[in-house]
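Following this message is one structure expressed as structure tokens.
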Amino acid sequence: MSWRALRFMVIMGLLAVAAACGQGATTAPTPTATATLTTAPSPTPTAAVVATPTGAPKVAATPTPTATPVPTATPTAQPSKGGELVQSGSSVSSYDAHNTSSVADLGTSAKHYNNLIWNPGGQRLECDLCQSYEFKDDGKTMIFHLVPGVKFHDGRALTSKDVVYSLNKMMGLVDGVVSPRSGLLKEYITKMETPDDLTVIIYVQRPAPAAFAIMAHNSSAIVPEGATRQQLKEKPLGSGPYVVGESIPGAHTLVKRNPNYFKPGLPYLDSLRIVTITDTNASNAAFLTEKVHIRTGAGAYSSDFLAQLEKLVSQGKVVHGVRIGLTPFQGILVNTQHTIFKNPDVRRAMHLALDRQAYAAIVSDGRAIPITLFGAGTPWGRPLEEVMKLPGYRQPKDQDIAEAKRLMTVAGYSQGIDVILEARNSGGDDKISSVVAADLAKINIRTTIKLSDQTVLYPRLAKLDYAIYGGRQGWNTGDPDEILGSYLITGGSRNWTGYSSPEMDALFLAESSELDLAKRKQLILQAEAIYLRDLPVVPGADPFQDSGWWSYVRGFESGISINLEQRMETLWRSQ
Amino acid sequence: MRNYIARRVLLSIPTLIGATLLCFLILRVIPGDVAEMILEGEGGGLAQPRSVEILREELGLNRPLHVQYLTWVWNSIRGDFGTSLQTGRSVGGEFALRLPLTIEIALGGLFLGVITGIPLGILSAIKQDSWIDYVGRVMAILFLSIPGFWIGVLVLLIGVRSFNWMPPIGYNPIWANPITNILQFMWPILILGLHQTAIKARLTRSQMLEVMREDYIRTARAKGLAEHVVIWRHTLKNALIPVVTIVFIQLGHVFAGTVILEAVFNVSGMGTLFIEAIRFRDYTIVQGYLFIIAVSFLVFNIIADLVYGWLDPRISYS
């Protein structure tokens with residue numbers, strides 16, 4: 001071989017290596033709305049249990065999550081005042097908590113506002129601006145007694161009129177714009193009164209445990225009467241534990257202690273810095289090198305980052321919190337009015353064919369839990385062991401696949417069918433649709449995946465202009481009312497499957513007004529049974545949501561949802 | 001010369017109109033708008049259609065397209081890029097905050113490319129077909145081929161895994177925190193500079209080789225001039241003419257090319273602003289940014305032509 005030829009081959013070889021190495025940049029994951037946990041507002045609200053996904057099926061990298069931090073100091077360590085902590089986040093585009101759907105905006109806004117009811121760390125429902133509440137008329141009248149002496153950051157006193165104004169604004173009764181996340185309140189509230197400056201009376205059309213969950217959401221902030229969307233967009237007008245110190249768009253937001261905060265002794269920190277880091281690798285690196293002390297998010301950590309994290313956990317330097325994401329509608333949404341898919345046998349066949357373990361392994365790197373209507377092992381869901389015995393969930397899949405093929409034959413599709421599988425071109429839905437397509441192919445449902453932008457896709461889904469959709473739909477409050485009432489009742493605002501069942505409609509009304517937690521859960525389980533019988537959605541698996549914080553960060557509760565743990569008023573540094 | 005400049009400026013106007021019109025229309029063709037993105041959320045179906053309409057009306061998105069376009073162009077010419085549809089903040093203010101950071105990376109990378117690429121190209125040409133030439137050419141191809149963001153991620157990975165270190169994060173302009181600024185910006189500048197080095201090195205080498213084969217160079221050698229005089233006084237000056245003009249043309253490219261590096265190294269520059277604005281369909285930010293890029297390209301191209309004419313006496317603009 002000549003010297004010239006050898007030279008050419010070496011150069012081409014190096015080029016090939018370089019080209020192979022030039023893969024796409026990792027992108028920051030797209031946050032998905034996660035659910036909040038709620039309890040029924042009984043006179044003594046019970047603590048919500050955060051599920052720990054133990055006993056998970058044989059999937060890769062099964063975590064042993066801890067939902068609450070393991071303190072390294074003595075349990076009786078007293079919070080110390082002062083200092084600053086750094087949290088990773090995103091740039092704030094709006095402080096109008098009512099009218100932004102951005103989880104990042106809500107996370108930052110939460111530090112500046114109070115709610116009427118809140119759910120600190122996702123562990124329990126508590127009064128925030130109220131000091132007590134009571135029910136009358138079989139739960140159709142809720143009376144809240146406000147804490148006296150609360151002031152907004154500008155010194156103005158917070159009164160009942162501000163609370164009513166804020167709730168009206170969320171419901172769209174002030175300027176016509178309904179809060180995308182808290183606007184559900186308008187399904188319950190019929191009237192409100194303010195007999196005095198410290199009393200709010202809310203009349204609901206039926207007893208509404210869900211209303212508490214909605215009011216505890218970060219988007220249900222209490223603002224001054226008369227505050228406009230434009231004013232709130234530019235700066236927060238709240239009463240919360242922190243005031244804005246410095247905000248550099250795209251870089252960081254520094255929030256400082258509110259010296260006039262109404263809760264004695266709080267907040268402990270002098271300041272909290274929320275740095276904007278858009279790239280996942282940079283965010284991981286910043287946390288591992290202690291440039292960021294708290295890393296919360298709305299997604300699961302990659303297995304590579306987890307390996308690094310677990311080293312620090314084993315050294316006692318870092319705490320890793322894991323929670324179930326509570327994204328119930330993840331899998332295959334089915335147009336139940338479609339010629340083919342209105343046949344329940346076809347839907348059951350798809351349900352049997354879907355391999356949830358493979359789904360979890362591919363979509364969520366093995367870090368996910370199977371869903372029925374709610375995540376297995378979550379407060380509203382069934383125990384995981386029970387779920388794993390159900391048809392469609394058990395392993396190996398041979399029996400399920402055989403039964404699925406039989407159902408397809410019974411339905412008259414022994415030769416198979418060709419169908420378009422819709423999917424979003426973002427948020428990881430392409431992975432979901434790939435897994436779905438592969439599993440459906442096993443029972444001769446041949447799919448062509450069609451990726452679309454959500455602004456094009458969602459209106460089509462809403463008009464039932466599709467056959468099947470492989471993806472996910474998030475929720476905000478964690479209350480079953482939102483799932484059943486939006487997605488599953490006849491004519492629900494987000495009923496994108498065309499599903500209609502009188503049984504489901506009746507169960508929704510029953511559970512929606514049930515104040516007893518145990519009874520409500522039974523009703524939910526009945527609804528779930530109907531859901532699994534009718535399958536307007538073929539459920540997949542719900543990914544974990546991770547949080548990490550350095551061990552000297554105290555007072556942080558990794559609760560059930562990123563929408564609940566962001567106020568950080570009890571945060572302090574032990575060193 | 002004045003006539004030439006005036007003619008070029010006048011000819012730039014239709015180009016600018018075409019660029020702005022294209023940018024404006026393409027954004028409107030993309031499905032969705034900022035009102036939907038603000039209210040809808042990732043899960044979809046959150047916003048009430050009436051709420052979206054109200055917001056759209058407030059943001060002026062329901063006005064006729066030609067009214068929106070002409071208003072925007074007229075204001076832009078006067079330096080008023082409007083306010084961000086998503087945040088309500090002044091677009092000019094956002095640019096003023098972020099542009100210096102992007103300029104620092106872009107100019108730093110370009111400067112690095114010039115001071116390393118040109119000497120590398122000269123050396124490669126002088127030592128043609130020697131091991132120095134091969135090393136230089138392989139390095140140039142490598143730096144051209146390997147994506148900058150990949151190197152950036154590698155820097156982070158090695159830094160964290162091996163040294164428990166990463167560059168500083170946050171907003172650190174050079175006039176406020178010079179040391180922190182250097183520590184943060186040296187990496188994206190270095191990575192961008194590698195790519196620029198490759199471009200300059202290859203171009204300089206090919207130009208040098210071309211000029212070295214000219215008759216007057218042979219004559220200079222035949223006259224007995226020392227080799228370094230032949231190279232530095234006769235060859236280099238002529239070889240660098242196109243290289244210098246390319247440097248000016250590259251100015252526009254490097255500004256646009258900082259986007260991914262800014263994301264990797266967490267620099268809150270124009271690139272990250274641009275990406276976020278596209279995601280949220282924030283028309284005013286995207287249009288303003290593309291307007292600046294278009295004007296920059298036109299200006300730098302005119303400057304490149306003028307410099308070319310100044311360097312090469314054979315060229316005259318009359």
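Can you pull out every residue in segment B:185-225 that is β-branched (Val, Ile, Thr) and either in contact (Cβ under 8 Å) with a residue 12 or more places away in the chain or under 24 Å from B:ALA140 (Cβ atoms) (or both)?
B:ILE189, B:ILE191, B:THR197, B:ILE199, B:THR204, B:VAL211, B:ILE217
In segment A:173-223, which residues are over 22 Å from A:SER493 (Cβ atoms) and within 13 Å of chain B (Cβ to nearest Cβ)?
Scanning segment A:173-223 gives no hits.
A follow-up question, please. Output the residues belonging to segment B:157-178 that are within 26 Å of the chain's Cα centre (by Cα), facing chain A (nearest Cβ under 10 Å) and modelled with pLDDT of 90 or more.
B:MET166, B:PRO167, B:PRO168
Can you work out which of the residues in segment B:74-98 that are crowded, with 17+ Cβ neighbours inside 10 Å and aliphatic (A, V, I, L, M) is modelled with the highest pLDDT?
B:VAL91
Residue under question is B:ILE5, and the condition is that it be part of a helix (DSSP H, G or I), more than 14 Å from every other protein chain (Cβ to nearest Cβ), surrounded by fewer than 17 Cβ atoms within 10 Å (Cβ to Cβ) and at pLDDT below 85; does it hold?
So B:ILE5 passes the test.
Something else now. Just give me the residues in segment A:382-402 being assigned to a loop (DSSP other than H, G, I, E, B) and either on the phi > 0 side of the Ramachandran plot or among the charged types (D, E, K, R) (or both), in sequence order.
A:ARG382, A:LYS389, A:GLY392, A:ARG394, A:LYS397
I would also like to ask the following. Give the number of residues within segment A:93-108 that are at the interface with chain B (Cβ under 9 Å from one of its Cβ atoms) and over 19 Å from the mean Cα position of the chain (by Cα).
2
For the condition part of a helix (DSSP H, G or I), on the phi < 0 side of the Ramachandran plot, within 14 Å of chain A (Cβ to nearest Cβ) and touching a residue at least 40 places away in the same chain (Cβ under 8 Å), what is the one hit in B:LEU85, B:LEU101?
B:LEU101
If we keep just the residues of segment A:155-177 that are among the hydrophobic types (A, V, I, L, M, F, W, C) and touching a Leu at 6+ places or on another chain (Cβ under 9 Å), which is surrounded by the fewest Cβ atoms within 10 Å (Cβ to Cβ)?
Of everything passing the filter in segment A:155-177, A:LEU173 is surrounded by the fewest Cβ atoms within 10 Å (Cβ to Cβ).
I would also like to ask the following. Output the residue which, of all residues in segment A:417-457 that are of a type outside the set (Gly, Ala, Ser) and part of a loop (DSSP other than H, G, I, E, B), is nearest to the other protein chains (Cβ to nearest Cβ).
Filtering segment A:417-457 for residues that are of a type outside the set (Gly, Ala, Ser) and part of a loop (DSSP other than H, G, I, E, B), the one nearest to the other protein chains (Cβ to nearest Cβ) comes out as A:ASP453.
Working only within segment A:244-258, note down all residues that are hydrophobic (A, V, I, L, M, F, W, C), away from chain B (no Cβ under 11 Å) and crowded, with 21+ Cβ neighbours inside 10 Å.
A:VAL255
Moving on. Taking B:THR284 as the residue in question, decide whether it is closer than 30 Å to A:THR276 by Cα and touching a strand residue (DSSP E or B) at 6+ places or on another chain (Cβ under 9 Å).
Yes; evaluated as a whole, the condition is true for this residue.
While we're on this one: Residues in segment B:8-60 that are under 14 Å from A:TYR458 (Cα atoms), part of a loop (DSSP other than H, G, I, E, B) and free of Cβ contacts under 8 Å to residues at least 60 places away in the same chain: how many?
9
If you go through segment A:444-453 one residue at a time, do you hit one that is in contact (Cβ under 8 Å) with a residue 60 or more places away in the chain, buried (at least 17 other Cβ atoms within 10 Å of the Cβ) and more than 16 Å from A:VAL538 (Cα to Cα)?
For segment A:444-453, residues in contact (Cβ under 8 Å) with a residue 60 or more places away in the chain, buried (at least 17 other Cβ atoms within 10 Å of the Cβ) and more than 16 Å from A:VAL538 (Cα to Cα): absent.
Moving on to the next point. Tell me yes or no: at least one residue of segment B:297-317 is among the hydroxyl-bearing types (Ser, Thr, Tyr), within 14 Å of chain A (Cβ to nearest Cβ) and touching a residue at least 12 places away in the same chain (Cβ under 8 Å).
So far as segment B:297-317 goes, no, none of its residues is among the hydroxyl-bearing types (Ser, Thr, Tyr), within 14 Å of chain A (Cβ to nearest Cβ) and touching a residue at least 12 places away in the same chain (Cβ under 8 Å).
So A:SER303 passes all but one of these: (1) surrounded by fewer than 19 Cβ atoms within 10 Å (Cβ to Cβ); (2) modelled with pLDDT of 90 or more; (3) of a type in the set (Gly, Ala, Ser). Which condition number does it fail?
Unmet for A:SER303, out of (1) surrounded by fewer than 19 Cβ atoms within 10 Å (Cβ to Cβ); (2) modelled with pLDDT of 90 or more; (3) of a type in the set (Gly, Ala, Ser): (2).
Name the residue that is farthest from the other protein chains (Cβ to nearest Cβ), counting only residues in segment A:487-510 that are surrounded by 19 or more Cβ atoms within 10 Å (Cβ to Cβ) and touching a residue at least 60 places away in the same chain (Cβ under 8 Å).
A:TYR499
Further question: Give A:LYS81, A:LYS111 a once-over and let me know the one that is over 17 Å from the mean Cα position of the chain (by Cα), crowded, with 24+ Cβ neighbours inside 10 Å and in a loop (DSSP other than H, G, I, E, B).
Exactly one of A:LYS81, A:LYS111 is over 17 Å from the mean Cα position of the chain (by Cα), crowded, with 24+ Cβ neighbours inside 10 Å and in a loop (DSSP other than H, G, I, E, B), namely A:LYS111.
Another one. Restricting attention to segment B:110-156, which residues are closer than 30 Å to A:GLN308 by Cβ and either more than 8 Å from chain A (Cβ to nearest Cβ) or more than 26 Å from the chain's Cα centre (by Cα) (or both)?
Of everything in segment B:110-156, those that are closer than 30 Å to A:GLN308 by Cβ and either more than 8 Å from chain A (Cβ to nearest Cβ) or more than 26 Å from the chain's Cα centre (by Cα) (or both) turn out to be B:PHE143, B:GLY148, B:ILE151, B:GLY152, B:LEU154, B:VAL155.
Could you please give the count of residues in segment B:123-181 that are more than 30 Å from B:THR235 (Cα to Cα), of a type in the set (Phe, Trp, Tyr) and in contact (Cβ under 8 Å) with a residue 24 or more places away in the chain?
Number satisfying all stated conditions: 2.
Being surrounded by 22 or more Cβ atoms within 10 Å (Cβ to Cβ), under 30 Å from A:THR190 (Cα atoms) and of a type in the set (Gly, Ala, Ser) narrows it down to one of A:ALA285, A:ALA227, A:ALA216, so name that one.
Within the list A:ALA285, A:ALA227, A:ALA216, the selection yields A:ALA216.
Next up: Consider A:ALA462 carefully, then state whether it is surrounded by fewer than 22 Cβ atoms within 10 Å (Cβ to Cβ), out of contact with any helix residue (DSSP H, G or I) (no Cβ under 6 Å at 6 or more places or on another chain), within 14 Å of chain B (Cβ to nearest Cβ) and touching a residue at least 12 places away in the same chain (Cβ under 8 Å).
yes
Please go through segment B:171-193 and give me each residue that is assigned to a helix (DSSP H, G or I) and exposed (fewer than 12 other Cβ atoms within 10 Å of the Cβ), ordered by number.
Matches in segment B:171-193: B:PRO178, B:ILE179.
Report those strands (runs of 3 or more DSSP E) wholly inside segment A:225-304 carrying at least 3 residues which are out of contact with any helix residue (DSSP H, G or I) (no Cβ under 7 Å at 6 or more places or on another chain).
Of the strands (runs of 3 or more DSSP E) lying wholly inside segment A:225-304, those with at least 3 residues that are out of contact with any helix residue (DSSP H, G or I) (no Cβ under 7 Å at 6 or more places or on another chain) span A:242-248, A:252-257, A:271-276.
I'd like to check something: does segment A:467-477 contain any residue that is of a type in the set (Ser, Thr, Tyr) and more than 14 Å from every other protein chain (Cβ to nearest Cβ)?
Looking through segment A:467-477, none of the residues is of a type in the set (Ser, Thr, Tyr) and more than 14 Å from every other protein chain (Cβ to nearest Cβ).
Return yes when B:THR272 is within 11 Å of chain A (Cβ to nearest Cβ) and out of contact with any Leu (no Cβ under 8 Å at 6 or more places or on another chain) and no when it is not.
So B:THR272 passes the test.
Search segment B:286-318 for residues being touching a helix residue (DSSP H, G or I) at 6+ places or on another chain (Cβ under 8 Å) and of a type in the set (D, E, K, R), and hand back the single one that is nearest to B:ILE275 (Cα to Cα).
B:ASP305
The values are calculated or read from the model by the stated rules, or taken from the named source; none is laboratory data. Predicted, not measured: the structure shown is a model, and the values here were computed from it. With ideal geometry, Cβ positions are generated from the backbone for all residues, glycine too; neighbour counts draw on all protein chains shown.
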